[in-house]
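Note sheet for the following structure.
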Amino acid sequence: AQKITQTQPGMFVQEKEAVTLDCTYDTSDPSYGLFWYKQPSSGEMIFLIYQGSYDQQNATEGRYSLNFQKARKSANLVISASQLGDSAMYFCAMREGWGASKIIFGSGTRLSIRP
Amino acid sequence: EAGVTQFPSHSVIEKGQTVTLRCDPISGHDNLYWYRRVMGKEIKFLLHFVKESKQDESGMPNNRFLAERTGGTYSTLKVQPAELEDSGVYFCASSPGPRTNGYTFGSGTRLTVV
């Protein structure tokens, strides 16, 4: 069964606008972590933001914030004031449990920023 | 601190040949992971080392793939013999230990089997 679902294969956004990338997850483990990674055209995987399942507040890192809705099992990434350099693939990922077990990825969303 | 390093960055081989990919994790990271992304599809987990031991190899596709991490430092992933469907980008990641939110990825090796 799909554990991480990203329903937006591609998105176009005007520069300086905010954008929300959707991610839903499925797990029965009460302890889990949620991640967002960015993959630009150069290919490297860049860590953006992390949310633990017991964290009370939504995670924020600069222009990135994670809209964590635990009851709905969603972990949407919000990018404020988008920039041309934000054009990339974005992957949502999850780790089940508190250990260092593997993380599993969604299918990704290709974000394109229009000037 | 040096990041996760992967060699080579690109490899083009013929079907039936052997290729060995290498990953150097961040120094001191006990956990090392291999992933691959085939044909622009999802990033799939291959296996997880804790030091030199295979903690989880549930994602290894078949016995043509062999991963090692002798001494608990760098790791190699050998594909022998390579098939066309093995083409893709192979990523390595490392993390320091339990209760971590720090998984650092390498830049990947793009493997093309022709």
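Inside the range B:63-87, residues that are surrounded by fewer than 13 Cβ atoms within 10 Å (Cβ to Cβ) and of a type in the set (D, E, K, R) make up a count of 1. The residue that is most open to solvent (accessible area, probe 1.4 Å), counting only those in the range B:103-114 that are assigned to a loop (DSSP other than H, G, I, E, B) and at the interface with chain A (Cβ under 8 Å from one of its Cβ atoms), is B:Ser107. Within the range A:78-104, the residues that satisfy the criterion of being open to solvent by 50 Å² or more (accessible area, probe 1.4 Å) and either within 12 Å of another protein chain (Cβ to nearest Cβ) or assigned to a strand (DSSP E or B) (or both) are A:Glu96, A:Trp98, A:Lys102. In summary, A:Thr27 fulfils each of the numbered conditions (1) open to solvent by less than 40 Å² (accessible area, probe 1.4 Å); (2) assigned to a strand (DSSP E or B) with the single exception of condition (2). Put simply, of B:Pro25, B:Pro8 the only residue that is modelled with pLDDT of 95 or more, within 14 Å of another protein chain (Cβ to nearest Cβ) and in contact with a Leu (Cβ under 6 Å, 6 or more places away or on another chain) is B:Pro25. All conditions in (1) touching a Phe, Trp or Tyr at 6+ places or on another chain (Cβ under 9 Å); (2) free of Cβ contacts under 8 Å to residues at least 40 places away in the same chain; (3) in a loop (DSSP other than H, G, I, E, B) hold for B:Ala67, with the sole exception of (3). For the range A:60-115, a residue qualifies if it is hydrophobic (A, V, I, L, M, F, W, C) and more than 11 Å from the chain's Cα centre (by Cα), and the qualifying residues are A:Ala71, A:Ala81, A:Leu84, A:Ala88, A:Trp98, A:Ala100, A:Ile103, A:Ile104, A:Leu111, A:Ile113.
The values are calculated or read from the model by the stated rules, or taken from the named source; none is laboratory data. Quick caveat: nothing in here was measured; it's all calculated off a predicted structure. For neighbour counting, all protein chains shown are included, and Cβ atoms are generated from backbone atoms with ideal geometry for every residue, glycine included. Just the protein is used for accessible areas: all its heavy atoms, side chains included, with ligands, DNA and RNA removed. Shrake-Rupley method; radii C 1.70, N 1.55, O 1.52, S 1.80 Å.
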